[in-house]
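Colleague: Submitted below is the structure of interest, expressed as structure tokens.
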Amino acid sequence: MEQAHTSAFVAVVGRPSAGKSTLMNTICGEKVAIVSPVPQTTRNTVRGILTRPDCQLVFLDTPGLHDSDKAMNKRLKDVAVKNLDEADMVLYVIDSTRAPGAEEEAIASLLVRFAEKTFAAVNKIDARESDVSKARLFLMEKLPGLKTFDISAEKGTGVDALVAALSLAAPVGPAYYPDDFYTDQEPVFRIAEIVREKVFLHTRDELPHAVYVDYVSHHMLDDGTLVYEGILVVERESQKGIVIGKGGAMIQQLREEAEKDLNDIFPYPVRLSLKVKVDPHWKRDEKLLKRLIQ
Ligand SMILES: Nc1nc2c(ncn2[C@@H]2O[C@H](COP(=O)(O)OP(=O)(O)OP(=O)(O)O)[C@@H](O)[C@H]2O)c(=O)[nH]1
Ligand SMILES: [Mg+2]
């Protein structure tokens with residue numbers, strides 16, 4: 001008898017910078033979500049899809065869970081928690097290079113009621129500072145009995161075994177996406193994300209968190225080039241100066257690096273036209289946050 005097709009939505013959760021997006025990209029074999037060393041890089045639920053002949057896993061990469069009263073952090077947390085409820089399975093990523101403190105404990109408590117459907121991935125085992133036994137001890141205390149895998153999302157170590165276990169546990173169900181889909185993101189969202197990644201990689205301190213990329217327009221030229229026009233919105237005049245850089249050097253570098261990545265992602269060339277604007281209040285604008293963070 002032929003084996004029944006299985007499928008599952010898998011919510012990927014964990015602290016900021018645990019390596020959730022890196023893991024999803026490794027599993028899907030494509031750069032689906034942006035990655036940076038800055039905590040809270042991911043602001044939206046980003047779907048990455050893995051299709052095998054007998055199984056489809058749809059990963060929901062979520063913003064890192066971080067307790068804070070700020071409107072934006074609350075919104076990020078709401079988005080992550082909603083995914084836990086809706087997902088068939090949960091993949092809890094723990095960073096083995098950092099001691100599990102209060103933030104990790106808050107996440108573990110949140111996961112207790114989802115323990116039945118949760119798998120744990122102890123990540124960054126390739127790093128010198130990695131302490132796998134500490135992470136495993138924490139899991140044993142807080143969420144006993146979880147199926148746990150030691151992995152390096154970056155190097156790919158242990159990822160096959162983790163994926164095999166997830167596929168095996170997935171319920172019988174149809175494929176939700178065509179088999180050549182590895183994400184469901186709109187091109188204009190992906191473009192804005194890649195631009196934001198470059199800001200995260202090249203600026204420091206509070207600046208990455210002060211930026212969002214506002215879509216203005218896009219159109220296709222006769223030669224098949226996609227032209228995307230966007231605005232990098234920052235909170236302060238001084239930040240605008242940094243993003244533009246001396247004689248426009250920084251914005252040019254951001255644009256060139258983003259265009260290079262985008263040319264690998266899309267089958268057509270992408271040309272960016274980027275401006276910078278100051279809006280001191282964007283992070284308190286609930287309506288805007290609802291649109292930006294979903
Ligand atoms: N050494 C090592 N570094 C890793 C590994 N996985 C991720 N990283 C690094 O950890 C940092 C954070 O990775 P992300 O994938 O952006 O983490 P995230 O959990 O998605 O973070 P947020 O979106 O901010 O919640 C990046 O600098 C990654 O390169 C790993 O397996 N080993
Ligand atoms: Mg992320």
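The values are calculated or read from the model by the stated rules, or taken from the named source; none is laboratory data. None of these values were measured; they are calculated from a predicted model. Using ideal geometry, Cβ is built from the backbone for each residue, glycine included, and neighbour counts are taken over all protein chains shown.
Colleague: Of the residues in region 84-103, how many are farther than 22 Å from residue 159 by Cα and touching a residue at least 40 places away in the same chain (Cβ under 8 Å)?
Modeller: The number of residues fulfilling the criteria is 2.
Colleague: Here's a follow-up. Just name the residue that is nearest to the chain's Cα centre (by Cα) out of those in region 25-48 that are surrounded by 23 or more Cβ atoms within 10 Å (Cβ to Cβ) and more than 8 Å from ligand 1 (Cβ to nearest atom).
Modeller: Across region 25-48, the extreme among qualifying residues is 46.
Colleague: Give the residues of region 220-244 that are in contact with a helix residue (DSSP H, G or I) (Cβ under 6 Å, 6 or more places away or on another chain) and either in a loop (DSSP other than H, G, I, E, B) or loosely packed, with under 15 Cβ neighbours inside 10 Å (or both), sorted by residue number.
Modeller: 235
Colleague: Among the residues of region 95-104, is any within 15 Å of ligand 2 (Cβ to nearest atom), modelled with pLDDT of 95 or more and closer than 27 Å to residue 210 by Cα?
Modeller: yes
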